[in-house]
Amino acid sequence: MVSRLRIELKHGLKLLLGAAGLLFRPHTPGLRVLFYHRVNAYPRERLGPISREISVTPAAFEQQLRHLASDGWRGISLSEYSAMQTGRVPLDPKAVLITFDDGYEDNLTYAAPLLARYGFPATVFVIAGFLGKTSGAVWPHGDPPEFGRFLDLVGLQSLPANGVQIGSHTLTHPRLTEIDDRARDHELVVARAQLETALAGPVTAFAYPEGDVDAAVERAVTAAGYDLAFTTVPGMNTRATRRTALRRTEVSASDGPLVFRLKLAGALDWLAFKESALFRNIVGSVNRRLLAYARPAGP
């Protein structure tokens, strides 16, 4: 009940804020990166409280891909994205990079077939240490085992054949600014090494867990061998954007068709301030209190 109300309230608030944002959205040419977490048709009342909010239904995801295709957007790979941002090829204002965080199994079973149907490549940022596990086994507000599976090794290795590239999302998903330097470097280096071994190829893109990053973390990401690193700050990436502080626009359960279009148009980019450390700490405290009342329903 709490999660459903939160989703409805978020949707209404996004519509209002997006309408306001249309009045002063920037028109600087740049590259749009979308990020999702989950796409699935699981019963919402059976999912954990976090998954209810970050899961997009297959019908909604297909509608979003159909809109992108009909509106002239072109999906690009990580290498194409890098070439555009660095100026090696002309910047295409209708190019979009689609990404997923965490590496849930439903990225393969639900999202990948729809991406292939509409001709959009994607990148999944995988938590290397969670391969073959379930969200309920690693997080206090996870899902029942049958609804919260992460990719296993076979699933991970099958993604590239389905047009999906792999990036790193650390080894165990900690907030990187809150652990010591040795633990942070271990998370970055070992995750990359494990993924490269599993895939027999390079892994040079990274996404910060929960968007948590500071200057020291950025330097550590570069030292660990990552070429691109993505935040959760909404907005366009220009050629002036740091390659270790790339912006992404989240798509979640509270984004109806109109909100999705507002986000593509940049009408909600002005909310980047909400990713500040102070704001995130306040929201995190509120969320922890709400999660105490939200539990997945029984069978």
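One table, with the values for the structure above:
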{"item": "Under 19 Å between alpha carbons - lysine pairs in the chain that sit 8 or more apart or on different chains", "result": "6"}
{"item": "For the chain, the fraction of alpha-carbon pairs in successive 5 Å shells from zero, as %", "result": "1, 5, 12, 16, 20, 19, 15, 9, 3, 0, 0"}
{"item": "Of the DSSP H helices in the chain, those whose Cα atoms cover at least 30 Å axially and whose Kyte score averages -1.0 or more", "result": "none"}
{"item": "FRET efficiency, 1/(1 + (r/R0)^6) with R0 45 Å, evaluated for D181 and Y118 via beta carbons", "result": "0.60"}
{"item": "Scattering curve values for the stretch 78-179, log₁₀ I(q)/I(0), Debye with Cα scatterers, q = 0.15, 0.22, 0.25 Å⁻¹", "result": "-0.69, -1.13, -1.28"}
{"item": "With eigenvalues of the C-alpha gyration tensor scaled by 5 and rooted, the stretch 13-98, Å", "result": "28, 19, 12"}
{"item": "Extension gain, E146 back to T28 (0.36 nm per residue minus Cα-Cα distance, nm)", "result": "38.0 nm"}
{"item": "Normalised contact order of the chain, rounded percent, pairs of Cα under 8 Å and 6 or more residues apart", "result": "25 percent"}
{"item": "Inter-part distance where the stretch 1-53 and the stretch 110-188 are each reduced to a Cα centre, Å", "result": "20 Å"}
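Laboratory data are not the source of any read-out in this text; all were calculated from the coordinates shown. Just so we're clear, the structure is a prediction, and the values are computed from it rather than from any experiment. Using ideal geometry, Cβ is built from the backbone for each residue, glycine included, and neighbour counts are taken over all protein chains shown.
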